[in-house]
């Protein structure tokens, strides 16, 4: 008896049905004849009992783990009684703004479906944006090609909430994770915030977003996650630094490479709680916006992301070898805005204090000491802001919770720094809504009035699909407009 797939784009709930009618919709993870592909959908979760999921066109039922088709799944379990899916009708939002009905897809093996290369000796990447592309398809950015080997420590795990390895790691993180004595400062402690940033390479500022601001960006963030998941319901495509599964990048998933076409992201540019701190850190108000995006750790992101620096540059060509980028003041600052409280187990970012100045090689995951893996920014409340010198060593950690951990961001360049990573990605209409200071610092990312913002408004986890969308936009533009766009990119 075949198993058919029905889904609704407005919902991330996934249901499976007996094909008593021929209305089943073929979707990702199915073979050509509509059967479940064991490779992509080894199991499914049904939200409630059979009697609560019936309709005129189909009868819903729990689907068992297909152990006879995937040999590595030795233990057969019925996950239907362990639902982690939000049952709110028609959506994914819980009452507190959490997005909690996604992830934990055991059909996705550790490190995903890509044939990843072996790990490098170190995670250094001095070529930055000029790094050569990998020979394999992995959804990551050029400056993070050094992280595509993945995490070898979980290679034999099952991506399941109650997998014994997952349970053991979760318990350890509850006991040991987090930077001891992590200091959170208030928005009016401007000088203290700047001093901590210069010392540690990061600082956490509490109460940056008021409840209304937080709710707006939460909704916008959740909408973007839904759009990515609509085309990748099992979270297998991956994204962010290293292209690990169950992780996405807001900027990487946007065809425009940024999120400055979204009103709520633009609202983060010039906040009364962040602008004075930025001015103090850079020593001037003449810094500029370089872009915006952020990262997402889905529930079931069991892998550690390798430590790295976000090198948006190639190293300085000092013929004497005396100076490199780590000897200079802060060149680029990113502010991350956690959408939920950062806890020991929901994938808080890890930051290595003081590493923005270190010249030592960045260790690979295989060589990274335990204290670094536990050096995470938690606990920290939703509505706070994590200011980061992007040179400081940092990396993603496992999200072993049932909540989506999203952190939108805005990137700022020092008055003296520029990078080819900057691009015009903000619609003129969004720019008009900014404060005078916001308009001035966004002058390098705003498009002309009436100009098409290439890629804006289209989210997809696959680079090929994002490129197809942009090609369609180009096909509707005049040759002169295309040439002008490419010339100014």
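The values are calculated or read from the model by the stated rules, or taken from the named source; none is laboratory data. Computed from a predicted model, the values in this text were never measured in an experiment. Positions of Cβ are backbone-derived with ideal geometry, glycine not excepted, and every protein chain shown enters the neighbour counts.
Key figures for this structure:
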quantity: Test for residue 430: is it assigned to a helix (DSSP H, G or I), within 30 Å of residue 235 (Cα to Cα), touching a strand residue (DSSP E or B) at 6+ places or on another chain (Cβ under 9 Å) and in contact (Cβ under 8 Å) with a residue 12 or more places away in the chain; calculated: no
quantity: Qualifying positions in region 446-489 - in contact with a helix residue (DSSP H, G or I) (Cβ under 7 Å, 6 or more places away or on another chain), under 30 Å from residue 233 (Cβ atoms) and not in a helix (DSSP H, G or I); calculated: 454, 455, 458, 459, 460, 461
quantity: Test result for residue 424, more than 18 Å from the chain's Cα centre (by Cα) and either crowded, with 20+ Cβ neighbours inside 10 Å or over 30 Å from residue 192 (Cα atoms) (or both); calculated: yes
quantity: Residues being under 26 Å from residue 350 (Cα atoms) and in contact with a helix residue (DSSP H, G or I) (Cβ under 7 Å, 6 or more places away or on another chain) - total across region 411-445; calculated: 3
quantity: Candidate set: region 240-276, residues that are assigned to a helix (DSSP H, G or I) and at pLDDT 95 or above; chosen: the one nearest to the chain's Cα centre (by Cα); calculated: 250
quantity: From 185, 205, residue being in contact (Cβ under 8 Å) with a residue 24 or more places away in the chain, under 30 Å from residue 358 (Cα atoms) and touching a helix residue (DSSP H, G or I) at 6+ places or on another chain (Cβ under 6 Å); calculated: 205
quantity: Single match in 285, 256, 249 (criterion: more than 25 Å from residue 306 (Cα to Cα) and buried (at least 22 other Cβ atoms within 10 Å of the Cβ)); calculated: 256
quantity: The one condition in (1) more than 21 Å from the chain's Cα centre (by Cα); (2) surrounded by fewer than 21 Cβ atoms within 10 Å (Cβ to Cβ); (3) in contact (Cβ under 8 Å) with a residue 40 or more places away in the chain that residue 445 fails to fulfil; calculated: (2)
quantity: Members of region 346-358 that are in contact with a helix residue (DSSP H, G or I) (Cβ under 8 Å, 6 or more places away or on another chain) and surrounded by fewer than 24 Cβ atoms within 10 Å (Cβ to Cβ); calculated: 352, 353, 354, 357, 358
quantity: Selection count where residues are in contact with a strand residue (DSSP E or B) (Cβ under 7 Å, 6 or more places away or on another chain), crowded, with 20+ Cβ neighbours inside 10 Å and closer than 25 Å to residue 389 by Cα, scope region 197-229; calculated: 9
quantity: Flag for residue 160 being at pLDDT 90 or above and farther than 28 Å from residue 251 by Cβ; calculated: yes
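Per-residue answers, yes or no, for (1) in a strand (DSSP E or B); (2) modelled with pLDDT of 90 or more; (3) under 18 Å from residue 393 (Cα atoms); (4) in contact with a strand residue (DSSP E or B) (Cβ under 6 Å, 6 or more places away or on another chain):
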{"position": "296", "(1), (2), (3), (4)": "yes, yes, no, yes"}
{"position": "315", "(1), (2), (3), (4)": "no, no, yes, no"}
{"position": "319", "(1), (2), (3), (4)": "no, yes, no, no"}
{"position": "323", "(1), (2), (3), (4)": "no, yes, no, no"}
{"position": "326", "(1), (2), (3), (4)": "no, yes, yes, no"}
{"position": "344", "(1), (2), (3), (4)": "no, yes, no, no"}
{"position": "348", "(1), (2), (3), (4)": "no, yes, yes, yes"}
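For (1) assigned to a loop (DSSP other than H, G, I, E, B); (2) surrounded by fewer than 18 Cβ atoms within 10 Å (Cβ to Cβ); (3) over 19 Å from the mean Cα position of the chain (by Cα), each residue gets a yes or a no:
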{"residue": "360", "(1), (2), (3)": "yes, yes, yes"}
{"residue": "366", "(1), (2), (3)": "yes, yes, yes"}
{"residue": "371", "(1), (2), (3)": "no, yes, yes"}
{"residue": "378", "(1), (2), (3)": "yes, no, no"}
{"residue": "383", "(1), (2), (3)": "yes, no, no"}
{"residue": "387", "(1), (2), (3)": "no, no, no"}
{"residue": "392", "(1), (2), (3)": "yes, no, no"}
{"residue": "397", "(1), (2), (3)": "yes, no, no"}
{"residue": "403", "(1), (2), (3)": "yes, no, no"}
